[in-house]
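Some notes on the structure that comes next.
No value in this document is a laboratory result; all are computed from the given coordinates. Given the structure is predicted, the values throughout are model-derived calculations rather than measurements.
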């Protein structure tokens, strides 16, 4: 099995290099949304595979858990590799035309949430109001946290032990993440200082939350669209430097959240933390879950728990048992009140629920949506590089995230409600002729 896994990993790395050269670099882009998404998946699966097999992972897992996980790493990788292959094929399906209108209908359906995002992008006063409101809500949560445990950056752990506060904290963070990213995008095009200040304030607030995923969402997608817009004016050396900075930034933020933080120690051990820590450990953690799994499929229970994400866990016994984070934390012997759950990649949940057919279907769907985002961003840039609507398409990434990991359904619901509400406000303001631009 190890030889097969190694061959597949090498093949996917070579395929990515070929695809990047012929379908991205030679077409005038230094990076695009499609290859950025592929690279993220490739890094946590194929590139990290040798490190996931190492006993050095003892820096993150106990020796007992590591001994459970290591024999299953190759199996976990092969399942994830199947999902990666389905993702690639899903992106290629846009080239298939059956002449029955499926592509047009699918594209039209996915474009609906983008329209609401565009309304918000074109209403800076409304964005400012929602951004300030989200910062205010996060400030209240941080004040409660500091008053309870003192100064720190472990809000996530605090929320796990205070389920009554958690929904409000997540609601504020999801809104801040969305508005912050859109504000940064609007600043990049319109150069409005108010939008830059708003995005910076939101970034600072999310930093104190200690939420790496939220911070990345604010900065990552606008930066990526900026790279697509600038095309060949961005150098590969610059992108490599930014990538290295991002890797070390993720490790440093993770270390800052610990009770005993030493910057010197973090710098000296940064390489070990990247290779064997918890930041890019999807395959290793999936292997741990597989080793402890009783081989009984969940038959959609974690998906149903994700679909019910609008119901707080502390009032729903079903969600409190079957939320993906609870399931994976419990299987690994961690307390759900102290551990948010394990990262098992974009294919892990599908496999645990329905097996390999679900891994393929989820991969096909995620790949097709990601390719649509890539196509629409490029079309918008060609049509009008100064049109803010180009940033609206990035929000479809939330749909991909929710399908591949149902823990993200809460963010999808929150952003969806935000866009519907903002759309209604914009329409009403136009009707009564109150400008929001």
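The distance from the alpha carbon centre of region 349-373 to that of region 168-191 is 28 Å, rounded to a whole number. Within the listed set 283, 44, 296, the Gaussian network model of the chain (springs between alpha-carbon atoms below 10 Å) gives the highest mean-square fluctuation for 296.
Given the options 415, 88, 58, which has the most mean-square fluctuation in a GNM of the chain, springs set between C-alpha atoms less than 10 angstrom apart? Per the Cα network of the chain with a 10 Å cutoff, 58 tops the list.
Taking 363, 185, 249 as the candidate residues, the one with maximal mean-square fluctuation in a Gaussian network model of the chain, Cα springs under 10 Å, is 249.
Using only Cα coordinates, the Kirkwood hydrodynamic radius of region 2-431 works out to 22.5 Å.
Taking the centroid of alpha carbons for each part, region 407-426 and region 214-238 are 25 Å apart.
Along its three principal directions, the equivalent ellipsoid of region 1-144 from the Cα gyration tensor extends over semi-axes of 36, 29, 15 Å, largest first.
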